[in-house]
Amino acid sequence: MEMQTTLKITGMSCGHCVARVTKALQAIDGVQVDTVDVGSAKLRFDPARTSEAAIASALGEAGYPVEPQS
């Protein structure tokens with residue numbers, strides 16, 4: 001079953017950042033990117049193939065830390 005989430009991402013300030021975050025997300029197996037804007041990303045993912053923690057880790061490694069969901 002596919003899950004949907006919106007991530008709050010820090011460190012983004014321009015279109016180049018949006019492109020880098022989009023590329024990082026698309027490289028993760030099981031992730032379908034809906035939209036990426038400065039400061040956030042809306043996506044769907046297959047929990048059998050990846051997790052929110054793995055997605056956040058990949059974005060952190062790309063230089064864009066994910067803020068915890070409140």
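General observations
- 3J(HN,Hα) couplings calculated from phi for the stretch 5-14 with the Karplus curve 6.51 cos²θ - 1.76 cosθ + 1.60 (θ = phi - 60°) are, in sequence order, 8, 10, 9, 9, 10, 9, x, 8, 9, 7 Hz; Gly and Pro show x.
- Across all directions, the shadow cast by the convex hull of the chain built on its C-alpha atoms averages 4.1 square nanometres.
- Neighbours of ASP37 by Cβ distance under 14 Å: Lys/Arg scored +1, Asp/Glu scored -1, total +2.
- Helix-derived mean residue ellipticity, 222 nm - over the chain, DSSP H n ≥ 4, -39500 (n - 2.57), to 500: -9500 deg cm²/dmol
- For the chain, carbon and sulfur atoms together expose 51% of the accessible surface, with a 1.4 angstrom probe and every protein chain in place.
- Accessible area per residue, Å², the chain with all protein chains present, probe 1.4 Å: 60 Å²
- Full extension of the chain between THR35 and ALA19 yields a length gain of 4.7 nm, computed as 0.36 nm times the residue separation minus the alpha carbon distance.
- Charge dipole magnitude, Cβ of K and R +1, D and E -1 - the chain, Cα centre, debye nearest 20: 140 debye
The values are calculated or read from the model by the stated rules, or taken from the named source; none is laboratory data. None of the values given here were measured: they were computed from a predicted structure. Here the Cβ is made from the backbone with ideal geometry for all residues, glycine too, and neighbour counts use every protein chain on show. Side chains are part of the model used for accessible areas, which takes the heavy atoms of the whole protein and leaves out ligands, DNA and RNA. Shrake-Rupley method; radii C 1.70, N 1.55, O 1.52, S 1.80 Å.
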